[in-house]
1. If contacts are Cα pairs under 8 angstrom and at least 6 residues apart, what is the relative contact order of the range B:2-179 in percent?
2. Can you sort A:Glu48, B:Glu121 so the residue with the fewest Cβ neighbours within 10 Å comes first?
3. For the residue pair B:Arg179 and A:Gln271, what label-to-label distance in nm results when each label sits 7 Å from Cα along the Cα-to-beta-carbon direction?
4. Quick one: which residues, 5+ away or cross-chain, put their amide H under 5 Å from the amide H of B:Val93? H built at 1.01 Å from N.
5. May I ask for the distance between the Cα centers of the range A:29-97 and the range A:279-353, given as a whole number of Å?
6. Which value, in debye to the nearest 20, describes the size of the charge dipole of the range A:239-351 about its Cα centre when Lys and Arg Cβ atoms bear +1, Asp and Glu Cβ atoms bear -1, and nothing else is charged?
7. Taking just the alpha carbons, could you work out the radius of gyration and Dmax for the protein assembly as shown, both in angstroms?
8. Calculate how steeply helix A:218-232 sits against the longest principal axis of the alpha-carbon atoms of chain A, using the helix alpha-carbon long axis, and give the answer as 0 to 90 degrees to the nearest 10.
Amino acid sequence: MARSNTLLVKGNEAIAMGAIEAGCRYYFGYPITPQNDIPEYMSRHLPEAGGTFLQAESEIASINMLLGAAATGARAMTSSSSPGISLKQEGISYLCGSQIPGVIVNMSRSGPGLGGISPSQGDYFQATRGGGHGDYRTIVLAPHSVQECYDLTMRAFDLADRYRNPVVILGDALLGQMKEPLKPRKHRGKAVDKDWALTGAGGREPRLLKSLYLSEGELTKHNWMLHRKYRRMRREIRYETVGVEDAKLVVVAFGSVARILKNAVSMAREQGMAVGLFRPVTLYPFPQAVLRRLAERVNRFMALELSTGQMVEDLQLSVGPDVVDFYGRPPGSIPSPDELYREIRKNYRKRIG
Amino acid sequence: MYFDSIIAGFGGQGVLLMGNLLAYAAMEEKKNVTYMPVYGVEMRGGTANCTVVVSDREIGSPIIHSPVSAVAMNLPSLEKFGPRVKKKGLLLVNSSLVPEKEIRVRGVDCLPVPSRELALEAGNERLANMVILGALVEKSGVVSLKALKKALYPGLDVRYHSMIPGNQSAMDKGAEFVRNGGR
C-alpha cells in the first residue's frame, strides 16, 4: 500500500497503541462499555512488549494496582468509563497526595448512575475539579480525533512523569468507536529521573511515598507545594482555533462535539457569518488567559456541550458571564452538524445581527 | 471532494466489513476518511450499520443524519435510511432480499442490485456484500475500483487472504452491473 505506515484504527485502539509506544508496561483494568477495545488491545500487545496486562477484580483494585506499579517508577495506565471512573476517585486522590504519576483514561458514557452507553460530556466537572476528596487537580487532555488519541496518550505519560501527577484522558463513546487513519510515530519524550521511586533501598536512604501528613504545619506546606505545581501546569495549555481571527462569535467546545462543530462552523462561515471555533485540548489547565485575550476583540462566545452545562462555567470564568451563551444536550442523542449550525445561526442573529 | 454513506443490513451480512473496505480504499487514495459503526442498543439486536465519510478536506462529524448515499441490504434498513438520503442522492438496495414493490423512494437515484444472483455468478452467494460494494464504488466514483480491490489486503485478516480473488471478482460483478446500466 502507498501509505503502509498509516493504519485504520479505533480511538480506543489508538490510545492503547500510544500508551505502549510511550513506554507503558503495566495496565490494570476492569471491563466496561464503551472502552473495552483498550483492555482487549492491551491484553494481546502489552505482553508482546514485555509488559503486564492485568484484569483486576474491580475498578478500585485496578487504580490501586496502578498506584503500586507507578510507585516503583514504571509507566502504568488504567482505563474505564464513567461509573468505573467514579469508583477510581479515591485512588486518584491518593495518587495526587502521594505525587505518583499515572494515566487514567475515561472514555465516558452517560450518567448519572449506570446511565447509558451513549456519548456524553457529563464527566467534565469530575475530571477537571479533582473528582475525589481533597484539594487537588489532575491534568485533563481531551482528544477529538484518532490521531490525537494516540498523540495525547503519549504526551499524558510525559506530563504525568514531569509533574509527578496523574493525567486524565477524557474521551467518549464516539471517539472510542470511530475509526480513522492513524500515523503512528516514535515516542520522543525524555526519560525523567525518578529519584523518588521505590526501587528497593539497598545501598541508599529509604524513600517514602505517602499522603498522610499529621504533624504540625506539614499538611499545609504539602498542599501549598501541590498548589504551586498545579499553577506550573499552566505552561502545558493546548488549544486549537479555527477562524477566530475575524470572528464576532466564537463557539467553544471540546472532544467529539468540537469535531461535529467544525462542520457547523464552516457552514456558518459559508453563509457569511463571522464565526470562529475555539477548542480547548487541555481541559485542566483550562486556556483561561488565551480566551481572556480573545475576548478583548470578540463580542460574543457560545459554549456547546453534551451536558446541561459544565465547561461553560470555565468559559464564563475566562471571558465573563455576560458575553457567554450556552447550548447543551443531555445524553440520548448526538447533535448533527445541521442542528448545531441552526443553533449557531439563531445565536448569531440574536447577538450579532 | 466529499462523500458519505450509511451502509446498513442484518448482522452477518457483512455491512461493517463493507464500511471498513471503503475506508481502506479511501486511505489508499490518500483521502481523509472516518468509519463509525453503529453505536447503541442496536448492537445487541439483529441489525448493523456504519457510516463512512470520505473527503479531501479535514472531516468534521463522523456521524451523518442525512447521507449523500446509502446502502440498504434488507427491508428494515431501507425503511429506516431510505427516506434520510439527501435529495438527488444515491440509494443502493439489495433487491435479492427486498421485494421490488417496497423499493419506492422519491427524489433519489435508486439502484436495485440483485446481489445474491450476481454473487452466485461470481462463485459464492456469500459475496453479495462485495457485489453491492463494487456497485456503490462504480456508481458513485468515490474511490477507484482498483483501490477498493486493494483494500482487501489490509481489510481482511491474513488467514482469509486466499479468498481475496473471489471477493475481487464479486466487486467486478457489481461494477459491471452498474456499467451495463443496472441490468
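Derivation of every value follows stated rules applied to the coordinates shown; laboratory data play no part. This one's a predicted model, so the numbers in the text were calculated from it and none came from an experiment. Don't worry about glycine lacking a Cβ; one is built from the backbone with ideal geometry, like all the others, and counts go over all protein chains shown.
1. 22 percent
2. A:Glu48, B:Glu121
3. 4.4 nm
4. HN-HN under 5 Å from B:Val93: B:Ala72, B:Leu111, B:Val113.
5. 33 Å
6. Using Cβ point charges on Lys, Arg, Asp and Glu, the range A:239-351 gives about 280 debye.
7. My reading of the Cα-based Rg and Dmax gives 25.1, 88 Å.
8. Between the helix axis and the principal axis of chain A, the angle is about 50 degrees.
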